[in-house]
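The values are calculated or read from the model by the stated rules, or taken from the named source; none is laboratory data. Computed from a prediction, not measured in an experiment: that's the story for all the values here. Note: ideal-geometry Cβ built from the backbone for every residue, glycine included; neighbour counts use all protein chains shown.
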Amino acid sequence: MWPLPRHPSDAPGASYSPASGSAGDAETTSRADDAPESARNGDGYGEEAERYTRSRRWHLQLIAISLVGLALRIGYVLLYRRHAAPTGDAFFYHYQANLLVSGKWFINPYQYFYFRHAVPAADHPPLWTLVLALASLVGVKSFFGQILWSCLVGSVAVWLVGLAAREITGPRTGLIAGGIAAVYPNFWINDGSLLSETLVLALTALTVLMFYRLWNRPTFSRAGWLGCACALDALARSELVLLVPVFVIGAGLLVRRQGVVRRLGFCAMAALAAGATFVPWYAYNQSRFSNSVPLSSQLGVTLATANCNATYYGKLLGYWSLGCALRVHTTKGADPSVQDHEYREAAIHYAERHKSRVPVVVAARLGRELDLYRPLQQIDLEWSILARPRLPAYIGMGAYYLCFVLAIAGLVVLRRRRIPVSPFVAFMVVTLLVAAATFGQTRYRTALDAAIVILASVAISQFFSPTERRQRRGKHALRSATVSTPSTETSDHDRSNPDATGGPETGAHSLAGHVEAEPWPAKTSRSQAVDHLPGGASGGG
């Protein structure tokens with residue numbers, strides 16, 4: 001017996017139809033439910049084999065795209081990052097992962113290597129450290145080796161982006177999204193920096209995949225997996241915890257053809273799964289710090305670096321400055337949770353004393369996050385602070401602008417097909433809220449970039465779909481038939497004789513008469529040409 005593929009659009013002669021409320025490819029409008037009973041029950045050996053072959057071919061194509069993405073990432077690392085040294089957050093992740101494998105659980109690597117103090121640390125959520133610890137566990141402990149490991153994770157993210165897009169509108173969209181993600185510079189630059197944004201991309205795609213799987217075929221297990229994926233997002237970057245309530249509520253409200261009790265059950269299952277994923281890290285932190293640390297102790301110092309004279313009035317308007325945090329007086333020897341509270345209080349106090357500047361600063365932060373305010377300066381700053389190479393960053397900026405425009409078109413396509421767009425709106429809102437509260441930086445936009453790439457692939461897939469091409473050809477054929485009517489000379493006698501010319505018709509009636517008189521192209525009947533129009537002969541959308 002041939003194994004059954006997971007995606008219903010692999011059924012022979014059928015695909016999901018967005019207009020009917022399911023993810024589809026717009027290549028056909030038939031549904032899997034319209035297939036013969038033998039095909040639905042798996043009794044047709046030949047049809048089942050064909051479906052399996054088509055699904056396997058698609059997956060092999062996506063894997064090939066992911067391998068191309070891996071090769072591109074390795075090439076970038078060899079060209080730009082081969083001799084790089086760990087600094088900043090990359091230093092923290094790299095050495096904390098190695099210390100974790102040696103038995104020193106989640107301590108501050110700066111304190112340990114420079115002062116030999118084993119100070120508990122929750123500067124970042126634990127997930128990216130754990131992923132790097134897997135590499136360290138198998139002997140990959142060098143910084144360059146772990147960058148290559150990060151590139152491998154990035155290629156897995158490409159694969160997940162393709163799966164997520166396929167779940168939304170079908171196989172062609174999935175391959176397009178995978179191809180864009182493979183070559184999108186803002187993704188592979190992060191992969192070469194050993195930062196958690198590599199994992200954020202993979203988990204964002206996983207969250208989108210789980211959401212639309214639940215929406216297409218709602219079950220309690222899928223609601224649970226969605227809650228787990230949202231929690232993993234937050235365990236990679238703490239600000240993404242804001243996504244959890246959006247997706248947990250969406251798990252119940254947006255599923256179709258379900259009763260109220262079952263919808264509430266989906267919400268409860270997603271919430272329980274998310275909570276169960278959070279609990280181990282939260283409980284571990286409660287035993288280490290004086291104050292509660294749900295995800296990380298980095299919020300205070302982040303706010304402190306973004307609220308000072310340099311970021312409110314100077315050339316760093318809307319950005320951050322380490323000097324701002326260094327000028328804050330904290331209790332010496334206090335644990336990180338206490339110092340985090342002190343940093344937070346200092347930042348809030350500064351913002352309250354400069355309320356008149358807050359709107360300007362917030363606008364600059366949002367502009368920087370979306371590459372709309374001083375984008376060239378942003379590239380220079382990230383080159384000097386984060387070692388993001390300028391040339392790939394310039395290419396990445398251009399790719400971002402193009403994909404952003406296409407993403408808007410993709411949103412329109414999904415809305416017309418009545419496919420929910422709330423996940424993508426949620427990524428946009430969360431990204432902008434975080435930037436408004438802290439500062440704008442390109443790598444903090446990774447979750448939104450993932451959503452933009454998926455939406456752009458939807459727009460491209462729609463443009464090149466066979467249905468769309470047929471509609472454009474039909475419109476062109478009708479327009480050509482309308483404007484190509486040959487002009488004929490009419491005598492004075494014909495003008496005065498209504499029976500000879502049909503009367504002095506004007507406007508739409510005269511135009512209709514010309515169309516009637518014009519022969520249609522060879523091998524194309526008039527009814528066939530009209531059927532090429534949207535909605536067939538009625539012309540409806």
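Go over the candidates F106, F143 one by one and state the one that is more than 30 Å from I180 (Cα to Cα), surrounded by 15 or more Cβ atoms within 10 Å (Cβ to Cβ), of a type in the set (F, W, Y) and under 31 Å from the mean Cα position of the chain (by Cα). None of the others qualify; the one that does is F106.
Screening the candidates L242, L214, L272 for the property of being surrounded by 14 or more Cβ atoms within 10 Å (Cβ to Cβ) and touching a residue at least 60 places away in the same chain (Cβ under 8 Å) yields one hit, L242.
The number of residues in region 92-119 that are more than 17 Å from S136 (Cβ to Cβ) and part of a helix (DSSP H, G or I) comes to 4. Number of residues in region 277-301 that are part of a helix (DSSP H, G or I) and either at pLDDT below 90 or more than 25 Å from R327 (Cα to Cα) (or both): the value is 10. A single entry from S38, S66 fulfils the requirement of being at pLDDT 90 or above, of a type in the set (S, T, N, Q) and touching a helix residue (DSSP H, G or I) at 6+ places or on another chain (Cβ under 8 Å): S66. Taking region 312-359 as the range and being among the basic types (K, R), closer than 21 Å to A122 by Cα and either at pLDDT 95 or above or surrounded by 13 or more Cβ atoms within 10 Å (Cβ to Cβ) (or both) as the test, only R344 passes.
As a summary of the residue check, A310 satisfies the conditions (1) outside any loop (DSSP other than H, G, I, E, B); (2) farther than 14 Å from A436 by Cα; (3) touching a Lys or Arg at 6+ places or on another chain (Cβ under 9 Å) except for the one numbered (3). Of all the numbered requirements in (1) under 30 Å from I379 (Cα atoms); (2) of a type in the set (G, A, S); (3) surrounded by 23 or more Cβ atoms within 10 Å (Cβ to Cβ), G179 misses one, and that requirement is (3). Can you tell me which residues in region 375-410 are among the charged types (D, E, K, R) and touching a residue at least 40 places away in the same chain (Cβ under 8 Å)? The answer is E382, R388.
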